[in-house]
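What follows is calculated from the coordinates using simple rules that are stated; it is not laboratory data. Bear in mind the structure is a predicted one, so any value in this text is a computation, not a measurement. Because the Cβ atoms are built from the backbone with ideal geometry, glycine has one as well, and the counts that use them run over all protein chains shown.
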Amino acid sequence: MTQADRLETFIRGIPKAELHVHIEGTLEPELMFSLARRNGIALPWMGVEELRKAYDFHNLQSFLDIYYQGADVLQHVQDFYDLTWAYFERAARDNVRHVELFFDPQTHTRRDVPFETVITGIHGAQVDAEKRLGITSKLILCFLRHLSEESALEALHAAVPFRPWLGGVGLDSSESGNPPSKFKAVFDEAREAQFPVVAHAGEEGPPAYIREALDVLGAQRIDHGVRCLEDDALVERLAREQVPLTVCPLSNVKLRVFPHLAQHNLKQLMGRGLLVTINSDDPAYFGGYIGDNYTACARELGLSQDDVVALAKNSFTASFLGEDDKRRHLAAIDAFVAAHK
């Protein structure tokens, strides 16, 4: 076995958390067509291969156009359960032990799919994943930033009866031209309801959006954040405050944030003392789940085993787990490392 093969085996086996994955973005083409048949929905692609060929994105919006079209097949509780369960089964193969999972209720309620239908299916799979796979999870409601703040408030209010099932709120979708400050009122209300807060910022948008997410929305974690390096004072603040960044390397390349993975700034972020994590974002569309992201970065960026351990530990440190659970997972990583010396 080569050194690269040994490192990949190590990567697959080390306990890890995933903090940036959109459940709708785990909809594999095969499942999309299966659900379309089950629900009598005609898709614009002839089959799986034609759909995969359509995954040639030139920016975030070109991806979102297909992403939202694919979500049309999700109609019933069982559809959302099947989608979520398929993700958990795949995550288990990479020894993911905890997930903080995004979902976009407005994508579905705009199609007249009730909020209750969406969250009931997802929650059922979360419960079964913990029982059958030993994977814990928290569900984060994301507001679609290309829609109005009024629409986001409606989604937040629809979520109130399901508060025990929710682990936070976030902000996603088209970043360009939709600054975090557009959603100040909804995040003020969410914080009053004691929701943990995260936000996508600094992927396509400028470093100023990261500042707004922190200062206006009260974000405790920044999703993506890779453009922070354009602002030294911001980098110093993120390092000083240990604000987590949930970085998605293969996604960044697929959406042309970086031309090639070898040019990604992951190691620079780590070198500046930032609390960086590796995640998959929308793996069905971007060609890789969390283990694939770690492995590709190890190959293209020269990550060492120590780097992998640091990133895996960061994933639990940056999570919304309680301190006892964090310590338990960090101890499991130490035990795994000791067993692989």
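Annotation: aspartates and glutamates with alpha-carbon distance below 18 angstrom to LYS131 (same-chain offsets under eight excluded): ASP82, GLU89, ASP94, GLU100, ASP325.
Suppose every K and R has +1 on its Cβ and every D and E has -1 on its Cβ; what is the size of the dipole of the stretch 85-145 about the Cα centre, in Debye to the nearest 20?
I would put it at about 120 debye.
With +1 on each Lys and Arg Cβ and -1 on each Asp and Glu Cβ, how big is the dipole of the chain about its Cα centre, in debye rounded to the nearest 20?
Dipole of the chain, to the nearest 20 debye: 820 debye.
With a threshold of 22 Å on the Cα-Cα distance, the over-threshold entries among LYS138/LYS313; LYS254/LYS326; LYS16/LYS182; LYS53/LYS267; LYS16/LYS267 are LYS254/LYS326; LYS16/LYS182; LYS53/LYS267. Please compute the net charge surrounding ASP5, taking Lys and Arg as +1 and Asp and Glu as -1 over other residues with Cβ under 13 Å from its Cβ. Once positives and negatives cancel, what remains is +2. Enumerate the residues in the stretch 18-62 having an amide nitrogen under 18 Å from the point lying 7 Å beyond the Cα of GLN78 toward its Cβ. Counting only backbone N, you get 31-42. Computed over the alpha carbons of the stretch 7-83, Rg followed by Dmax gives 14.9, 45 Å. Simple spin-label estimate for SER148 and LYS131 gives 4.2 nm between the two label positions (7 Å along the Cα-to-Cβ direction from each Cα). Dividing the summed -39500 (n - 2.57) terms of all DSSP H runs of n ≥ 4 by the residue count of the chain sets its mean residue ellipticity at 222 nm at -15500 deg cm²/dmol. Residues of the stretch 264-283 falling in the label zone of GLU236, defined by backbone nitrogen less than 19 Å from a point 7 Å along Cα to beta-carbon, are 269-275. Between ARG191 and ARG110, the contour length at 0.36 nm per residue exceeds the Cα-Cα span by 26.7 nm. Applied to the stretch 111-119, the Karplus parametrisation 6.51 cos²θ - 1.76 cosθ + 1.60 on θ = phi - 60° returns per-residue 3J(HN,Hα) values of 9, 6, 8, x, 3, 4, 4, 4, 6 Hz, with x for Gly and Pro.
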